[in-house]
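Structure, as structure tokens:
The values are calculated or read from the model by the stated rules, or taken from the named source; none is laboratory data. Everything quoted here is computed from the prediction, not taken from an experiment. Please note: Cβ atoms are built from the backbone with ideal geometry, for glycine as well, and neighbour counts cover all protein chains shown. Please note that ligands, DNA and RNA were not included when accessible areas were found on the heavy atoms of the full protein model with its side chains. Shrake-Rupley method; radii C 1.70, N 1.55, O 1.52, S 1.80 Å.
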Protein chains: 2
Amino acid sequence: MSQYTLIEAGHGRAFRLATGEHVRIGLPEGSQVADMFAFALPDLEEYLSTEHTRSCTQRLAPVVGEAFYSSRRRPMLAFEEDRSPGTHDLLLSACDQMRYTLLGHAGPHRNCVANMIEALAALGLKASQIPSPVNIFEKVAIGIDGSLVIEPPLAARGDFVVIRALMDLVLVISACPMDIVPTNGPDLRPKAIFVERLDAVA
Amino acid sequence: MSQYTLIEAGHGRAFRLATGEHVRIGLPEGSQVADMFAFALPDLEEYLSTEHTRSCTQRLAPVVGEAFYSSRRRPMLAFEEDRSPGTHDLLLSACDQMRYTLLGHAGPHRNCVANMIEALAALGLKASQIPSPVNIFEKVAIGIDGSLVIEPPLAARGDFVVIRALMDLVLVISACPMDIVPTNGPDLRPKAIFVERLDAVA
């Protein structure tokens, strides 16, 4: 029996995964980016690292059959299935309060960094690092001159990816709250993300 | 009067820079990569972040006239001059012991992460993070399929860059010890790096 969690638009959730467990992460409403973080358990000092993933896979982003790597160069999450156009970003930092302030938003704004911290805290956990996230479904166009442009996701309602834990870890998924630039679609509307645990639940 | 430091091949050095001070970082012998880290002073929790630099500049790497940004999205180092072919990498993690072990090297090997830790310790400082470095002079070719290939640097003897501190900080430069893949040139020979302080020294 699978266990389905709907993460409300703009919010985050954390999930403990034992080695071998796998989850489906997808789009219940429409185009949306899911910021993904992961920390080893019980030692959260080892974390999913985009720079080590690039170094170990020798690619900008892993493809199905490859893995996301930890800060200690260990394969951490297997990328098992991709039922989306396959466009994911490992280049850009997670949005934080300063990002919204710099974009001209006055006052507090929900953000992926705060979502990560809150989601871990809900499980009684705390990370000492804010790693650069894997931005599932995010489309960042790289120009020939090295320019980076955030474009609306190609992914649509029903698209999903499947990842499997290769060590005991806590996975954090944030439904990105961005509503100023088209990270989550041309409608600038943050949407929900679903996370479905695919392993038997007792 | 400037102050010239020759960093021995495979080693690292740290430099305290006050706001406004600038340094030249260059190649006294020939092609070589300089891994650059920076931490704010007195609060080392704020550090030079490649992911925030990409997000803030909307480029894979800053160009002259732009800046390298901190983990708090503040401009940290101004990129003032580039007397090299202009190829620098902000994608790949710093080499560490595990990198050499995975490449088949038996036993300990000098590495940029250990160089950073040692160089900070020599100034009585300690960082709680191992940020992804700015790999000055490193050439990483990005394929149309997203593949990344480390190629010998285009930079040659005498080439240099100039950066200026935009906050009080400690700058760490590691002359990358890589001698297995052609990061530092087709000769696989780690070489020295020079750092020249360009401000008047009392």
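From A:SER70, A:SER49, grab the single residue that is within 17 Å of the chain's Cα centre (by Cα), facing chain B (nearest Cβ under 9 Å) and touching a residue at least 60 places away in the same chain (Cβ under 8 Å).
None of the other options fit; the residue is A:SER49.
State the number of residues belonging to region B:22-47 that are open to solvent by less than 10 Å² (accessible area, probe 1.4 Å), out of contact with any helix residue (DSSP H, G or I) (no Cβ under 7 Å at 6 or more places or on another chain) and among the aromatic types (Phe, Trp, Tyr).
Of the residues in region B:22-47, 1 are open to solvent by less than 10 Å² (accessible area, probe 1.4 Å), out of contact with any helix residue (DSSP H, G or I) (no Cβ under 7 Å at 6 or more places or on another chain) and among the aromatic types (Phe, Trp, Tyr).
Test A:GLU46 against the stated conditions and say whether it is modelled with pLDDT of 95 or more, within 15 Å of A:ALA127 (Cβ to Cβ) and touching a Lys or Arg at 6+ places or on another chain (Cβ under 7 Å).
Against the criterion (modelled with pLDDT of 95 or more, within 15 Å of A:ALA127 (Cβ to Cβ) and touching a Lys or Arg at 6+ places or on another chain (Cβ under 7 Å)), A:GLU46 qualifies.
What's the number of the only condition in (1) surrounded by fewer than 21 Cβ atoms within 10 Å (Cβ to Cβ); (2) facing chain B (nearest Cβ under 9 Å); (3) of a type in the set (Ser, Thr, Tyr) that A:THR87 fails to meet?
Every listed condition holds for A:THR87 apart from (2).
When you go through B:GLN58, B:GLN32 one by one, which is the residue that is away from chain A (no Cβ under 14 Å) and polar (S, T, N, Q)?
B:GLN32
Which is surrounded by 15 or more Cβ atoms within 10 Å (Cβ to Cβ) and under 13 Å from the mean Cα position of the chain (by Cα), of A:ILE150, A:ILE173, A:ILE142?
A:ILE173
Among the listed residues B:ARG157, B:ARG197, identify the single one that is touching a residue at least 40 places away in the same chain (Cβ under 8 Å), loosely packed, with under 14 Cβ neighbours inside 10 Å and either of a type in the set (D, E, K, R) or over 25 Å from B:ARG83 (Cβ atoms) (or both).
B:ARG157
What pairs can you find where one residue is in region A:90-114 and farther than 30 Å from A:PHE68 by Cα, the other is open to solvent by less than 20 Å² (accessible area, probe 1.4 Å) and of a type outside the set (A, V, I, L, M), and their Cβ atoms are less than 7 Å apart, with a gap of 6+ or different chains?
Short answer, once both residue conditions are applied: A:LEU102/B:ARG73.
Looking only at strands (runs of 3 or more DSSP E) that lie completely in region B:98-191, which have at least 2 residues being within 30 Å of A:ALA141 (Cβ to Cβ) and more than 14 Å from chain A (Cβ to nearest Cβ)?
Here the list reads B:160-165.
Looking at region A:106-120 only, could you name the residues that are more than 12 Å from A:ARG13 (Cβ to Cβ) and of a type in the set (A, V, I, L, M)?
A:ALA106, A:VAL113, A:ALA114, A:ILE117
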